[in-house]
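Just below is one structure, and these are the notes that go with it.
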Amino acid sequence: MHKAEKATGVDWFARVTAILGLIVAGVAVLLPYFQTEADKREHLTIVAVPERPDGIIRLSADESKSQAVQIPWVVTLSNTGRTKLSVVSYQAVELIGDSGISSFPGLDGGLTDRMNKTVTLPLTLDAGESTSLRIYLGFIPTRQIAELLRSMYAARGRVTAGETFVALAEQGLTIYGGKATMREDDGARAVTIDAESQPRPPIYGLICRTGRNQEFSTTIQEYRFNQ
């Protein structure tokens, strides 16, 4: 009786060992497959920051077609995956509320490189490669802001983000229509921004599509003083 029980125990142990061996062998076979599939997946990281102080503010030459003021942003695209990818198209929209989107003439001013030459797609990135581009994103300013900017353009030919900030602060304004105060102290100028008066800056969505029909997106927004 004891011998039969011992034999049964040995058989059970052998079966468990065999099953575990099969599982380990199966995992060993499948692991390279899953690793290969993971390596094929595309990963694109998108980061955008406003181009200050030297970025050029753009206005439409024809107000009847667009009243937008375009702010330059530096967008860095990083291929953080293990396979080459191509960005074949993109879309820029303004995000409204929790789920709405908006578009208007002048919202998307196009892509350029850092030398201000137009960028044409597709754009190919090897694994681990990054590139920085400039995108112009527009918003509709108040009439007062628009008139001040157009008078600056008429006088100077072009205006940078830094020059715009200073010129509007001298008028007690920020570019989105809030209040600012300019003061001088021993020849140095300082600007104080009234946080409570600042309207919410526009929030943009930037979606990039790859040649494999994958979409990667990010939100783009100025710092909110009154958040």
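The values are calculated or read from the model by the stated rules, or taken from the named source; none is laboratory data. In this text, all values refer to a predicted model and were calculated from it rather than measured experimentally. Ideal geometry is used to build each Cβ from the backbone, glycine not excepted, and the neighbour counts take in all protein chains shown.
Could you pull out the residue among D98, D108, D126 that is of a type in the set (D, E, K, R), over 15 Å from the mean Cα position of the chain (by Cα) and farther than 17 Å from S86 by Cα?
Working: D108 fails: over 15 Å from the mean Cα position of the chain (by Cα); D126 fails: farther than 17 Å from S86 by Cα.
Of the residues listed, the single one that is of a type in the set (D, E, K, R), over 15 Å from the mean Cα position of the chain (by Cα) and farther than 17 Å from S86 by Cα is D98.
Counting just the residues of the stretch 44-62 that are assigned to a loop (DSSP other than H, G, I, E, B) and without any contact (Cβ under 8 Å) to a residue 60 or more places away in the chain, which one comes out surrounded by the most Cβ atoms within 10 Å (Cβ to Cβ)?
From the stretch 44-62, those assigned to a loop (DSSP other than H, G, I, E, B) are 51-55, 60-62; that's our starting set.
If we keep only those that are without any contact (Cβ under 8 Å) to a residue 60 or more places away in the chain as well, we get 60-62.
Values: S60: 17, A61: 8, D62: 9.
The extreme case among them is S60.
Would you please list the contacts, defined by Cβ atoms under 9 Å and residues six or more apart or on different chains, that run from a residue in the stretch 101-121 that is within 16 Å of C208 (Cα to Cα) and touching a residue at least 24 places away in the same chain (Cβ under 8 Å) to a residue that is among the small types (G, A, S) and part of a loop (DSSP other than H, G, I, E, B)?
Final answer for the pair search is G109/A68.
Quick one: which residue in R183, R156, R189, R143 is of a type outside the set (A, V, I, L, M) and in contact (Cβ under 8 Å) with a residue 12 or more places away in the chain? Don't jump to the end; show me each part of the working.
Values: R183 fails: in contact (Cβ under 8 Å) with a residue 12 or more places away in the chain; R156 fails: in contact (Cβ under 8 Å) with a residue 12 or more places away in the chain; R143 fails: in contact (Cβ under 8 Å) with a residue 12 or more places away in the chain.
Result: R189 is the single residue among R183, R156, R189, R143 that is of a type outside the set (A, V, I, L, M) and in contact (Cβ under 8 Å) with a residue 12 or more places away in the chain.
Looking only at strands (runs of 3 or more DSSP E) that lie completely in the stretch 104-213, which have at least 1 residues being within 17 Å of W73 (Cβ to Cβ) and either not assigned by TED's automatic domain parsing to the domain that holds L77 or not acidic (D, E) (or both)?
On the way: elements: 108-112, 123-125, 130-139, 180-185, 188-193, 203-210.
Correct list: 108-112, 123-125, 130-139, 203-210.
Going by the conditions given, is A169 at pLDDT below 95, closer than 14 Å to R58 by Cβ, buried (at least 16 other Cβ atoms within 10 Å of the Cβ) and not β-branched (V, I, T)?
Numbers: at pLDDT below 95: yes; closer than 14 Å to R58 by Cβ: no; buried (at least 16 other Cβ atoms within 10 Å of the Cβ): yes; not β-branched (V, I, T): yes.
No.
Would you confirm, using the coordinates I've provided, whether R82 is at pLDDT below 95, in the same structural domain as G55 (by TED's automatic domain parsing), surrounded by 13 or more Cβ atoms within 10 Å (Cβ to Cβ) and out of contact with any Lys or Arg (no Cβ under 6 Å at 6 or more places or on another chain)?
Numbers: at pLDDT below 95: yes; in the same structural domain as G55 (by TED's automatic domain parsing): yes; surrounded by 13 or more Cβ atoms within 10 Å (Cβ to Cβ): yes; out of contact with any Lys or Arg (no Cβ under 6 Å at 6 or more places or on another chain): yes.
Criteria met by R82.
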